[in-house]
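Below is one structure, written out as structure tokens; the observations come after it.
The values are calculated or read from the model by the stated rules, or taken from the named source; none is laboratory data. Small disclaimer: the values here were computed from a predicted structure and weren't measured. Reconstructed Cβ throughout: ideal geometry from the backbone, glycine too, with neighbour counts over all protein chains shown.
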Amino acid sequence: MLMAERPAGDVLAWLRSDFLRLVHERMNTPDVRRRIGLYGGDRIPENERNLTDVRNRVSLVAEYEMARVATRLLEEKGLPDLFFSYVVANRFPDLELRDDQGRRGLRVEVKCLASIAEEKSANFDTLKKDIDPRTDFVVVFLWEWKRDGAVVGPGEDRRRGWDRAPEFLRAYCFHAASLAHMRDWYWLNKPPSDLGDGLQGFDLRYGVNCREGTYNQEEGNYGKLMRMWADDFEPVPTDSSFLPQTPNDYLAFRREVIEQGFAQVCHILASEAFPGGRPTRPLRQGGATVGFAVDRTGFVLAFLCPRAIQQQILRDGAADRLFVLSDKYSWSEWALNAGRLYKRTEGKKPKHLKAHLLSHHPDRTGS
């Protein structure tokens, strides 16, 4: 498996069920998290531009830590002659498995997504010509900051050194060639409406856009991990090296990433936007969790909770007001008036929702 001598589908299944699972567990140990923590009141920028730089830095360090952790696992499994090397040429992929003679096995591209980021915009834009369908895989870590300065030992009033450190919530793995084939199939079949008399396609180096017959290098949305495929898009690509489960795997990944980010946003709002902090409780409809409630305030994810279910939640008394969030966290506030839904207000970004909650909390307004 490590030297990619088995079919790609078998290697992918093994990576997901065995090797990556162990790597993911190790990524959440204090030994790793202390290296990426914030200490002694350290602060990170809160403006969007510099916050993106911080997230990129965490992603880079996570890549290094994965290589270190994975190599240590190999040593523990009695394979000291195998190690993960860095691709210092700064091209696809990030990591390559090699033996002591330099022979190459698996190759891994590492991506990280911050769960509460409004635009989870890690890109996978490597062209298919640069991907080996036998050896190449994409690993995606979903992470978020966690405040967990736990007591070190019994009776000790000492905390771990960090104030907060990244926690890796989920780890995903894709067959790189199949992911790229799916990405390109979708992109080529969804050209802009203003092509003019041009075409959308590729040259030997990158994707090419066309607007009104004028060509330019694609620099925007091509390869964004959260925009590669859509539900019920047809037809599904076919190719000798394409793993047919890739679109379904991708859609499950995207849905879980959105739901995890939404849950993180709700928990943060509960602790920071309500006096004294509050716990969250799940809002359930039809046996499924569609959101969370804090006191008499509900939060739901729009694609999980259509208007009829929103109305039912309010009618059932599970909440007095409901905030409906999109997958990028634009939001609107809804309540019932004479049994019908009406919109109170709307806005963008969780920080604006936090400010709205703090200024319109019933304890303060009396309403």
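Collect the residues in the range 140-170 that are among the hydrophobic types (A, V, I, L, M, F, W, C), surrounded by 16 or more Cβ atoms within 10 Å (Cβ to Cβ) and modelled with pLDDT under 90, keeping them in residue-number order. Result: TRP162, single match. Among what's in the range 202-235 and is part of a loop (DSSP other than H, G, I, E, B) and either touching a Phe, Trp or Tyr at 6+ places or on another chain (Cβ under 8 Å) or hydroxyl-bearing (Ser, Thr, Tyr) (or both), pick the residue that is surrounded by the fewest Cβ atoms within 10 Å (Cβ to Cβ). Filtering the range 202-235 for residues that are part of a loop (DSSP other than H, G, I, E, B) and either touching a Phe, Trp or Tyr at 6+ places or on another chain (Cβ under 8 Å) or hydroxyl-bearing (Ser, Thr, Tyr) (or both), the one surrounded by the fewest Cβ atoms within 10 Å (Cβ to Cβ) comes out as ALA230. Selection over the range 32-50 of residues that are out of contact with any helix residue (DSSP H, G or I) (no Cβ under 9 Å at 6 or more places or on another chain) and either closer than 21 Å to ALA171 by Cα or outside the structural domain of ALA117 (by TED's automatic domain parsing) (or both) gives a count of 2.
Within the range 7-20, the set of residues being surrounded by 13 or more Cβ atoms within 10 Å (Cβ to Cβ) and among the charged types (D, E, K, R) comprises just one member, ARG16.
Exactly one residue among LEU251, LEU243, LEU199 is surrounded by fewer than 16 Cβ atoms within 10 Å (Cβ to Cβ) and on the phi < 0 side of the Ramachandran plot, and that residue is LEU199. The one condition from (1) at pLDDT 95 or above; (2) exposed (fewer than 12 other Cβ atoms within 10 Å of the Cβ) that ASN90 does not meet is (1).
In a helix (DSSP H, G or I), buried (at least 20 other Cβ atoms within 10 Å of the Cβ), in contact (Cβ under 8 Å) with a residue 24 or more places away in the chain and not charged (D, E, K, R), is that true of ALA319? Lay out the reasoning, then the answer.
Values: in a helix (DSSP H, G or I): no; buried (at least 20 other Cβ atoms within 10 Å of the Cβ): yes; in contact (Cβ under 8 Å) with a residue 24 or more places away in the chain: yes; not charged (D, E, K, R): yes.
No, not satisfied.
Kindly evaluate ARG344 against the criterion of being assigned to a strand (DSSP E or B) and either basic (Lys, Arg) or in contact with a Gly (Cβ under 6 Å, 6 or more places away or on another chain) (or both). Spelling it out, ARG344 is indeed assigned to a strand (DSSP E or B) and either basic (Lys, Arg) or in contact with a Gly (Cβ under 6 Å, 6 or more places away or on another chain) (or both). Picking from residues in the range 93-106 that are free of Cβ contacts under 8 Å to residues at least 40 places away in the same chain and either among the aromatic types (Phe, Trp, Tyr) or in contact with a Ser or Thr (Cβ under 8 Å, 6 or more places away or on another chain) (or both), the one that is farthest from LEU127 (Cα to Cα) is ARG98. Residues of the range 205-250 being hydrophobic (A, V, I, L, M, F, W, C) and within 28 Å of LEU195 (Cα to Cα), which ones? Scanning the range 205-250 gives VAL208, CYS210, LEU225, MET226, MET228, TRP229, ALA230, PHE233, VAL236.
Has the range 238-260 got any residue that is acidic (Asp, Glu), more than 30 Å from ASP136 (Cβ to Cβ) and touching a residue at least 24 places away in the same chain (Cβ under 8 Å)? Spell out the reasoning first.
Taking the range 238-260 first, the residues acidic (Asp, Glu) are 239, 249, 256, 259.
Within this subset, residues satisfying the condition of being more than 30 Å from ASP136 (Cβ to Cβ) are none.
The answer is no, given that none of the residues of the range 238-260 is acidic (Asp, Glu), more than 30 Å from ASP136 (Cβ to Cβ) and touching a residue at least 24 places away in the same chain (Cβ under 8 Å).
Condition check ((1) modelled with pLDDT of 95 or more; (2) charged (D, E, K, R); (3) crowded, with 21+ Cβ neighbours inside 10 Å; (4) more than 27 Å from LYS349 (Cβ to Cβ)) across all residues:
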site: LEU97; (1), (2), (3), (4): yes, no, yes, yes
site: GLN101; (1), (2), (3), (4): no, no, no, yes
site: VAL108; (1), (2), (3), (4): yes, no, yes, yes
site: LYS111; (1), (2), (3), (4): yes, yes, no, no
site: SER115; (1), (2), (3), (4): no, no, yes, no
site: SER121; (1), (2), (3), (4): no, no, no, no
site: PHE124; (1), (2), (3), (4): no, no, no, no
site: LYS129; (1), (2), (3), (4): no, yes, no, yes
site: ASP136; (1), (2), (3), (4): yes, yes, yes, yes
